[in-house]
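Notes follow once the structure below has been shown.
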Amino acid sequence: MTDLLDAEEREILERFERDGLRRTADAADEIEAARRAARATFNKTRRVNLRVTERDFNLAHSRAREEGIPYQTLLSSVIHKYLSGRLSEKR
């Protein structure tokens, strides 16, 4: 699992495992704030109208059926992955 962590996350994990971390007095507030932020991350707040070619529309529908998800979910996922740098072009 540690190979999935970046340097900062590994340092935090190592400190935790060495018992080098202590709970702060306002830990409950910080935990609740983190929970709110995590929930808000996936809230869909904007509607987008997008025009695509008939071919791309049909490909999106076909791929979504293969994945067993709605095509809107597939397109939203592709956009999110691209914008967050987790989707790259195949060459």
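The values are calculated or read from the model by the stated rules, or taken from the named source; none is laboratory data. In this text the structure is predicted, and so the values were computed from the model without any measurement. Don't worry about glycine lacking a Cβ; one is built from the backbone with ideal geometry, like all the others, and counts go over all protein chains shown. The protein model used for the area step is the full one, side chains on, heavy atoms only, and it has no ligands, DNA or RNA in it. Shrake-Rupley method; radii C 1.70, N 1.55, O 1.52, S 1.80 Å.
Of all accessible surface on the chain at a 1.4 Å probe, what whole percent is carbon and sulfur? Mind dumping the intermediate values first?
Details: 4670 of 9130 Å².
Exposed carbon and sulfur together represent 51 percent of the surface.
Okay, which of the stretch 3-31 sit inside 12 Å, backbone N to the point 7 Å along the Cα-Cβ direction of residue 37?
Output list for this probe position: 30-31.
Please provide three numbers in whole Å: the alpha-carbon extents of the chain along the principal axes, with the largest listed first.
57, 33, 22
How large is the accessible surface per residue of the chain, computed with a 1.4 Å probe and reported in Å² as a whole number?
On a per-residue basis, the chain sits at 100 Å².
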